[in-house]
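Quick one: the structure is below, questions incoming.
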Amino acid sequence: MVVAGSLLLVAGWSPPGNADCARDLHGEVICSAGGCARDQKGRVLCSRFDDGGAALTRTGRILCGPGICQKTFTGEIYCSSVPGGDAIKDSRGRVRCEGSCVPGNAAYCEGVIADSAD
């Protein structure tokens, strides 16, 4: 599941640009320049790329990419190779990507706790 959300304001802190934010199991707000996903345990990871994507595998891992990520019919995660690029799933469950498709990668994810003004 890809968490698509609106920008959050946390105690006067505003995420930069088109940042995506999500709350983890412990109530911490995680933000990044790219899209975020939450796993079954409540852990949140986000793409480290501006307008990148994040998606959850069938086994519960979060994988990220430079562009939007989609899951194939067989459960594999592919993302657009273009930062902020689009990816869609066709009627046969295959992923089609702007630029080319690259496998989602955990190394492309980050989990940065949002700072707050006290």
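The values are calculated or read from the model by the stated rules, or taken from the named source; none is laboratory data. Keep in mind that what you see is a predicted model, and the values were worked out from it rather than measured. Reconstructed Cβ throughout: ideal geometry from the backbone, glycine too, with neighbour counts over all protein chains shown.
Confirm whether residue 38 is surrounded by fewer than 19 Cβ atoms within 10 Å (Cβ to Cβ), closer than 29 Å to residue 26 by Cα and not β-branched (Val, Ile, Thr).
Numbers: surrounded by fewer than 19 Cβ atoms within 10 Å (Cβ to Cβ): no; closer than 29 Å to residue 26 by Cα: yes; not β-branched (Val, Ile, Thr): yes.
Answer is no for this residue.
Looking at residue 31 and the list (1) at pLDDT below 80; (2) in a loop (DSSP other than H, G, I, E, B), which single condition is not satisfied?
(2)
For the range 18-32, how many residues are under 17 Å from residue 86 (Cβ atoms) and surrounded by fewer than 24 Cβ atoms within 10 Å (Cβ to Cβ)?
1
Output the residues belonging to the range 96-118 that are of a type in the set (A, V, I, L, M), crowded, with 17+ Cβ neighbours inside 10 Å and at pLDDT 95 or above.
102
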